[in-house]
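Below is one structure, written out as structure tokens; the observations come after it.
The values are calculated or read from the model by the stated rules, or taken from the named source; none is laboratory data. Values in this document were obtained by computation on a predicted structure and should not be read as measured data. With ligands, DNA and RNA removed, areas are computed over all heavy atoms of the protein, side chains included. Shrake-Rupley method; radii C 1.70, N 1.55, O 1.52, S 1.80 Å.
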Amino acid sequence: MDRVKSSMQQVPNAIPKVIRRTGGANSLELERENFERGQAVSINKAINTQEVAVKEKHARTCILGTHHEKGAHTFWAAVNRLPLSSNAVLCWKFCHVFHKLLRDGHPNVIKDSMRNKADLTDMSRMWGHLSEGYGKLCSIYLKLLITKMEFHIKNPRFPGNLQMSNRQLDEAGENDVNNFFQLTVEMFDYLECELNLFLGVFSSLDMSRSVSVTAAGQCRLAPLIQVILDCSHLYDYTVKLLFKLHSCLPADTLQGHRDRFQEQFKKLKSLFYRSSNLQYFKRLIQIPQLPENPPNFLRASALSEHISPVVVIPAESSSPESEHVVETDDLVDTDIPALPAAVETKFDDLFGTSAAIDPFNFNSQNGMRKDDKDRLIEQLTREIQALKEELESFRLESGRLCQALRGRVSELEAELAEQSHLRLQAVGESEFLKAELDDLRRVREDTEKEQRSLTEIEKKAQANEQRYTKLKEKYTELVQSHADLLRKNAEVTRQMTVARAAQDEVDAVRKEMQEKVKAAQEVADRQERDQLEQLQELQRELVSSRTELDSLKITMASSQQASSEVLSTQLATLESEKAELVQSLTKVEAELVVQGEELQRVQSSLATERESGVKTAETLQNQLNEKESREQALESQLVAARWSSLHGAVEEAEKIIQDSLAQIDDPAHISCTSSADYLASRCQASLDCMDRLHSAREAFLSDSTGVSELVRVVTQCGHLVGDTIVQGSATSHMVPVEQADALSESVKACGAEALALLGQMKQEDSLSAADNSKLKAALEAILATAEKLRPRGLELQQGELGDLVEQEMAATSAAVESAAARIEEMLNKSRAVDTGIKMEVNERILASCTELMQAIKELVLSSKNLQRDIVESGRGAASMKEFYVKNSRWTEGLISASKAVGWGATVMVDAADLVVQGKGKFEELMVCSHEIAASTAQLVAASKVKADKDSANLHRLQNASRGVTQATAAVVASTKSGKSQIEEKDTMDFSSMTLTQIKRQEMDAQVLVLELETRLQKERERLGELRKKHYELAGVAEGWGQEEEGTG
């Protein structure tokens, strides 16, 4: 705000300069002085701090002044002295008067005002920080005025009051459709600013009361008359331009124009209707009513149905004081003499002035037709009228050019004065630089002397360094030799130990071998005894077998005699049976002859049947072969279709993964973030999908009909791996640089392994050799990294999280109680020790700290009650600990806020103790107060995030929060007051110093200022980095900003 005020004060003040030059001025200077004095009085009366409407007579005087001096220099010279940045009502009335000048003032007002555009922009930005009252309205009004000036500068054919004929509107576009298109967009922006001011004024008024009859209401409503005048012309020109554009361009191209016009038409119609019902406007202006429906631009004949809205201002009631309105055309003085009266009346002397007294107008007398003379008279009259209009346009154009040249001359004169001032300033700076150069030369000489002494010191330091190096080398040799001896001793000891162990082992082996020899001898003796026993047993069995053989021979001889008798009997029987068989054989042969003949007949019939069967079999075989060939073709097509579907699924998965890899290299992806939890869940899902992919691949290799499962798993695997790549890259944006680089490399390696695996699966011969172990290893590496990055707060067990909330709230209450007790103890000690101003300051500071502790205690108690209500209303049938675990993010926020409040109270008490003892800084106490305010605000936000807005405990918590804020402000105020009372102000006495000493001290002060500024900048950067790091660590520890979907 100060910068805006200072920049506006830099505008040359023309009025004081004129007043100083009127020592013995002539009549022209006296007239100029009176004019400027009168303008200043009218401007100050029109623009004041009273919340009433601007009087028309004062605004009219300002308008006449711009036409008198053909510009707005006097107006801006007077306005720049007004405190527009400190009073909103004053700025509002300035905007009203300035709007009138832009509309009805001299055309050069717009050009002269463009020099103050930057100041108006800064002022609009400054008032825009207010959200209600005149401040917000001033910001909107200033934006409107800036837009109006820019529009008229870009389109100089449009006058300030926007009154143009259809021919002038066509000339403004220069018969170029691009110009008409751009002009329509600019008019839309212009009308949008007008409507914003309209809506802003209506929204700031209480329309349920008759605000239009009060002075305050009329002060806000008065500028809307100028807005209504502008809106009526802008609406008319916009409709005509849109019809012209629709006749030249396709309807689709102008869809945006039509949508924007529809929106503005509805707003303007509503605002015109609301304004026409206000009592204030009824006696000042007649507001037109827009048609029920907007024009249909797609129908060219609708242009003939368009009626231009006309705003009527009654001459007898143009203002509350019933003053007459002076038209702009009557105010303009073109300084060009009019045509002589003899030239204008020459035609009237010959033929008369009107049809009522024209003696040659026989049509009015007897109704006869006009003759040639009458037609000639009318033609000459039209030509004279056209020449008069052309002459008038030439006259206005020449006047405008003259004014532009005068303005350019004034600008060049101002630039010349500025260059002269800069030259004088450069001369002064050159002298100052010469003096500084002399001082620098002396400083350089002193520096050279110090450099020489420094060189000598460096030489001595180098010699000492060489001696130290030699001693260090000898010490290193001794240490090395000592270490070698220790190693040799250890080696000898180790060898002795090994030798003893080897000797013990040899003794043990010898004893073991002796025991084995004894056991072998015993085994051999037992085996020899067993063999002797077996030999004796075999001899006994041989004797018994010989005895049995003799008995068998005797039995065989007796059996041979009995068998010969039996055989003779059997032979006789067989011969009788032979005779019977011969007879039966003869009968059978006869039957065989008969059956042979029958067999021949059957064979002949079978031969014919066989031939027909062969033919039928050949036909069936051909059909079978064709069927087999068709089945083979279908089978090959089915196999090809299976591989085609598998190949398409693999290619789709490759595209997904390639798109994911390309996405992580996209600069727009830098703003995306994710959490380590979500990344771990994606990695685990991808690993599970890898197992299913392996099973589906093995099943497909064993049975190629199961391709559908493999296609489904491949597609799902591509999606999951691609999502893992994207989420891994997004997670790397939230972690430190080293971990981020490692995670990015793991993600890229995962993408490369996935593409390699899919490449193997695309080929039929390499499908069986496809190995997903490398891809699983890459996913497991990403999963391990994600587990390392998971917030520490997630490691809490369910029971610990619920208990930790209660523990932290109890610890916070205890810390606040302890802090209050320490402050009371310090207050009693200060009363007993300190006196005077110091005791007064300490009592005031400690009293404000006590009030702050009491407010924090009330805040913590209210927060506990509110949390109890939240848990009771939200847990249902679950326990309190289960509710805390279910809402872990909210619970961690409560824990963090409670820790911060307790820590802040303890630190503030320590700072207050040091300040009371005179060892601390007041700034530390103020910083601690601000930190406590921020911590309590965090606790309030964490407590009420799940609370019901109608909860009584929530209202008590908000009241307690306001109490903490007020108590913090009291601590800061008492600290600043005490600091100003205790610190002594050093008086600066430079009376005894010479010019050279003062110059030297000035240079030292400048050097110190530069050093302090550099240090301040570095400390600010360090503070920013510390805050950023604190935010990152807190986010990792507490899990801030983690969403279920995992993306930012």
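For the range 388-401, the Karplus equation 6.51 cos²θ - 1.76 cosθ + 1.60, evaluated at θ = phi - 60°, returns couplings of 4, 5, 5, 4, 5, 5, 4, 5, 5, 5, 5, x, 5, 5 Hz by residue, with Gly and Pro reported as x. Sequence neighbours fewer than 8 away in the same chain don't count; with that in mind, list the lysines whose C-alpha is under 17 Å from residue 949. Reachable lysines: 864.
In order along the range 414-430, the phi-based Karplus estimate (6.51 cos²θ - 1.76 cosθ + 1.60, θ = phi - 60°) of 3J(HN,Hα) comes to 5, 5, 5, 5, 5, 5, 4, 4, 5, 5, 4, 5, 5, 4, x, 5, 5 Hz; Gly and Pro are listed as x.
With all protein chains in place and a 1.4 Å probe, the accessible surface of the range 207-261 carries 53 percent carbon and sulfur. Shown here: the range 183-305, whose C-alpha atoms stretch 51, 24, 21 Å along the first, second and third principal axes, sorted largest to smallest.
Extents of the range 44-167, largest first, come to 44, 28, 24 Å (Cα atoms, principal axes, whole angstrom). Accessible surface of residue 283, taken over heavy atoms with a 1.4 Å probe and every protein chain present, rounds to 100 Å². When we measure straight from the Cα of residue 474, which lysines land under 26 angstrom away, once same-chain ones fewer than 8 places off are left out? Answer for residue 474, where 26 Å is the Cα cut-off: 459, 460, 488, listed by chain and number. The listed residues 390, 186 rank as 390, 186 when sorted by accessible area, largest first, using a 1.4 Å probe.
To the nearest 10, the accessible area of residue 757 is 10 Å² with a 1.4 Å probe.
The residues of the range 700-785 expose, per residue, 45 Å² of accessible area to a 1.4 Å probe.
Skip the ligands, DNA and RNA, and give the accessible area per residue of the range 83-136 with a 1.4 Å probe, whole Å². Working shown, then result.
Numbers: 1880 Å² over 54 residues.
Normalised by residue count, the accessible surface of the range 83-136 is 35 Å².
Atom-type composition of the exposed protein surface of the range 397-483 places 58 percent of the accessible area on carbon and sulfur (1.4 angstrom probe).
Using the heavy atoms of the protein chains and a 1.4 angstrom probe, tell me the accessible area per residue for the range 383-497 in square angstrom.
About 90 Å² of surface per residue is accessible.
Which entries in the list 117/154; 143/267; 774/1029; 748/788; 627/762; 70/244 go over 26 Å, if you measure between the two C-alpha atoms of each? Over 26 Å Cα-Cα: 774/1029; 627/762; 70/244. These residues, 661, 925, 391, go from largest to smallest accessible area, 1.4 Å probe, as 391, 661, 925.
Computed with every protein chain present, the accessible area of residue 723 is close to 40 Å² [probe 1.4 Å].
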